[in-house]
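The structure under discussion appears below in the form of structure tokens.
Readers should treat all values here as calculations from the given coordinates under stated rules, not as data from a laboratory. These numbers were taken from a predicted model, which means no experiment stands behind them. No Cβ is skipped: glycine too gets one built from the backbone with ideal geometry, and neighbour counts run over all protein chains shown.
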Amino acid sequence: MKQAVVGLHALEVALPALSYPIKDLAALRGLEYDKLRFGLGLENMAVPDANEDVVTLATQAVIGLMTKQQLAPKAIGRLYLGTESAVDGAKPTATYILSLLESYFAPQYGHNCFEHCDVVDLTFACIGAVDALQNCNDWVANDPTRQAIVVASDTARYRLNSTGEYTQGAGAVALLLRHEPALLSFGKYWGVSTAGVHDFYKPIRSQRKSQLVQDILTAAQSTADPAAVLAALAEQEQPLLGNADADLQVHDDTPVFDGQYSNQCYLDRVQGALASFSTLSGATDLMSERWQGLLFHLPYAFQGKRMASSALMRELIALGSWSSLFPDIPVEAADEKAFAKSDYYKDFVAHKLAPAHLASMQVGNLYTGSIFLALASWLEAQKDQAISGKLGFIAYGSGSKSKVFEGELQPQWQAAAAHIQLHAKLANREVIDSSTYEKLHKGEGQVMAKKAKLVEKIGYRLDGSTPWLLTYQLNATINV
């Protein structure tokens, strides 16, 4: 019986309307631009406009994907979202996307046209969309009529003046999974390495309301009684502080993180997942021979080439290839830093890694979408090259987990990659200055993009039977 060929048929990238030059951020913060540019690979940061978020970006990506592929809603059995920037604490952010999709496609396909589409969010820091991909790929494989869309959508936001600020980014990538795909078929082996650590996390913080009010009164040099203030707020039915709860729970989307520890966790998990994949597949020449390109999760553009050197050096030594490649350096004297500067490794980076870096350099970190932006970048950069074989995916999510898997390029992948048009999307953004960037980051900025957007965030509706409802609107049909 012929084994089903299942995988990625098409993908669509949606980017915020704005970008901010890293050179300007370096000048604003008194940082050395050359270190950010040539050390980390940072050139521009994608910045969400005041009316953009994970829902608007994800919806735009899915509409673009379905429009280009001429997909009817009834053809999509699953819409799974990977995100760590959820807009709701109870129901999936994917339901917000679904609602907008129904509104967009209703004139052509009728109301409730996505009624039989299964939706859910998967959250595991930057690897949640990879989990969604694996889950949906297995689901599609069981029935040749099934198709699924996996969306990765996130905003990577850090404190102003923090060490993570210059890695920020935002965007969404929508992936169409089906039988007989045009781009990649995914293999059956998935290497996994997991540990429960706190290299990066977003805690739900509890604050005693009486203390919070006291701190505000003290800062205002007021002698008012905190209990009396809270009682007055309760009488006015103030939605946050005027209820009977003693504590106020606050979720801050900016993470608590330890950069050096997170890098070590990344390296540890990747090594474990590579070993797992090697054991499952029986392959020992993964990076040097088996994979024609490598797609890493990229919290910054050059993370992949920084992390790959040690794994590749160990692989070459284990394969017995070291002595022929470096006859003047005994195995026992092999040094990772020296290897990373060798002509062999520079050539490896240029051919297998660098094409995936290009988009990240212009966008920044996409969290769950980062590895798929790297894929889009690699496919578009290499579409004129006669390349066949397999691509290796090396995913990571803080907390922490790595998954290693592979996709095989399909015979007509270059033609399918031509529809990605990532370079045009990067060029179609409006550049903002430092003042505008800081206002938008603080939530004080107004909508800056001159061009209309397909979908916009309106804000919270506080009154009526559905208070605190986050609302969106679709504009007239815009070319996607």
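Structure notes:
- For the listed peptides 267-276, 119-128, 317-326, 67-76, a ranking on the average number of other beta carbons within 10 Å per residue, highest first, reads 119-128, 267-276, 67-76, 317-326.
- Normalised contact order of the range 213-267, rounded percent, pairs of Cα under 8 Å and 6 or more residues apart: 17
- Full-extension gain in nm, residue 473 to residue 351, via 0.36 nm per residue minus C-alpha separation: 39.6 nm
- Average Cα contact separation per residue, the chain, under 8 Å, 6 or more apart, as relative contact order %: 24
- Our estimate of slack between residue 466 and residue 218, defined as 0.36 nm per intervening residue step minus the Cα-Cα distance, is 85.8 nm.
- Loop-located trypsin sites (Lys or Arg not before Pro) across the range 427-480 with a Cβ neighbour count of 11 or fewer within 10 Å are 450, 451, with loop assigned by DSSP.
- Overall form of the range 204-251 per C-alpha gyration tensor (a/c, 1.5; a/b vs b/c): oblate
- Per-residue ³J(HN,Hα) for the range 85-98, Karplus 6.51 cos²θ - 1.76 cosθ + 1.60, θ = phi - 60°, Hz, x for Gly and Pro: 10, 4, 9, 9, x, 10, 8, x, 4, 4, 5, 5, 5, 4
- When peptides 97-104, 379-386, 297-304, 403-410 are ranked by their average number of other Cβ atoms within 10 Å per residue, the highest-first order is 297-304, 403-410, 97-104, 379-386.
- Placing a pseudo-label 7 Å from each Cα along the Cα-to-Cβ vector at residue 3 and residue 342 gives an inter-label distance of 3.3 nm.
- Separation in nanometres of the label points that stand 7 Å from Cα toward Cβ, at residue 449 and residue 32: 3.6
- Shape class for the range 54-192: oblate, because the ratio a/c of the largest to smallest gyration tensor axis (alpha-carbon atoms, square roots of eigenvalues) is 1.5 or more and b/c is at least a/b.
- Contact order relative to length of the range 7-63, as percent, for alpha carbon pairs under 8 angstrom and 6 or more apart: 47
- Whether the range 230-314 is rounded, prolate or oblate, judged on the alpha carbon gyration tensor where a/c under 1.5 counts as rounded: prolate
- Other-chain or far-sequence residues with amide H under 5 Å of residue 295's (modelled H): 392, 393, 394
- CD proxy at 222 nm, helix term only [per DSSP H run n ≥ 4: -39500 (n - 2.57); per residue of the chain; nearest 500]: -11000 deg cm²/dmol
- Close amide H pairs (under 5 Å, H built 1.01 Å from N) link residue 169 with 156, 365, residues at least 5 positions away or on another chain.
- Spin-label model distance (nm) - residue 319 vs residue 87, 7 Å beyond Cα toward Cβ: 4.7
- In plain terms, the residue of 151, 431, 54 with the fewest other Cβ atoms within 10 Å comes first and the most crowded comes last, giving 431, 54, 151.
- As a proxy for reagent exposure, 19, 342 were ordered by neighbouring Cβ count within 10 angstrom, fewest first; the result is 342, 19.
- Under 5 Å from the amide H of residue 118 lie the amide H atoms of 78, 79, each residue being 5 or more positions distant or on a separate chain, with H modelled from the backbone and absent for Pro and chain starts.
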